[in-house]
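Have a look at the structure below, then the notes.
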Amino acid sequence: MGFFSWDCRGCGHPMLSQWAINETNGWMQDVAVIQSDGARLRGLYDGYGRVISHFYPNKPVEIKNATLHPGYQEPECWHAACWGLAGSPATYTEGSESSADQGFFFDDEHNIERPRSVMSDPKNQRAGMSKEERARDLLLRCIDVIEGLFDENCPWPEMSALLEEICQHLKEGEKE
């Protein structure tokens, strides 16, 4: 069986393998999958229906699907970034669509930047956000930066600015 993939429930773009990514869309290989039996997988998509765990890279786990596994429904697939922005759902709700381009045969329609938290757009800062929403958004931004530390383009200035904003948020919380 050749390349195949499913579309992310968050952004609608396919999970991509190492053979289909570039500098812009490389984040689309890091995935979260919820199978119809409730099992959850996190890691890198290999393009052949398996997830390679960050913790056990030598033991890829097959994604159970309706085509190859009777009794299963299609998996609920997410890019890790989209999954985090959606609140990291933990239970299966609905299967993902099979990718028309198999997550491999495409031009540049999937060359998009990684989605960031709503706070990464300055016009959205503090606009109508509750205290809990603001705290959650700050945590998601921390995850973005921490994941970036393992990249050769380490975002130290971003980390400093983010830590300053977290301190300010905590000080505001103490006043209430």
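For the reader, a short list of remarks on this structure follows.
- Residue check for Ala80: closer than 23 Å to Arg114 by Cβ, of a type outside the set (Ser, Thr, Tyr), in contact with a Pro (Cβ under 9 Å, 6 or more places away or on another chain) and crowded, with 21+ Cβ neighbours inside 10 Å: no
- Considering residues of segment 72-109 that are among the aromatic types (Phe, Trp, Tyr) and under 18 Å from the mean Cα position of the chain (by Cα) only, the residue farthest from Thr24 (Cα to Cα): Tyr92
- Among the residues of segment 1-29, those that are of a type in the set (A, V, I, L, M, F, W, C) and within 11 Å of the chain's Cα centre (by Cα) comprise Cys8, Cys11, Met15, Trp27, Met28.
- All positions within segment 28-86 that are β-branched (Val, Ile, Thr) and in a strand (DSSP E or B): Val31, Val33, Ile34, Val51, Ile52, Val61
- Gly103 out of contact with any strand residue (DSSP E or B) (no Cβ under 6 Å at 6 or more places or on another chain) and over 26 Å from Leu139 (Cα atoms): no
- Residue in segment 60-69 that is in contact with a helix residue (DSSP H, G or I) (Cβ under 6 Å, 6 or more places away or on another chain) and either within 13 Å of Ala32 (Cβ to Cβ) or among the basic types (Lys, Arg) (or both) present: no
- Every residue from segment 67-110 that is at pLDDT 85 or above and among the aromatic types (Phe, Trp, Tyr): Tyr72, Trp78, Trp83, Tyr92
- Test result for Ser99, in contact with a Pro (Cβ under 6 Å, 6 or more places away or on another chain) and hydroxyl-bearing (Ser, Thr, Tyr): yes
- All positions within segment 24-38 that are closer than 14 Å to Glu74 by Cα and out of contact with any Cys (no Cβ under 9 Å at 6 or more places or on another chain): Gln35, Ser36, Asp37, Gly38
The values are calculated or read from the model by the stated rules, or taken from the named source; none is laboratory data. Since this is a predicted model, take the numbers as computed values, not measurements. As a convention, Cβ positions derive from the backbone with ideal geometry for all residues, glycine included, and neighbour counts pool all protein chains shown.
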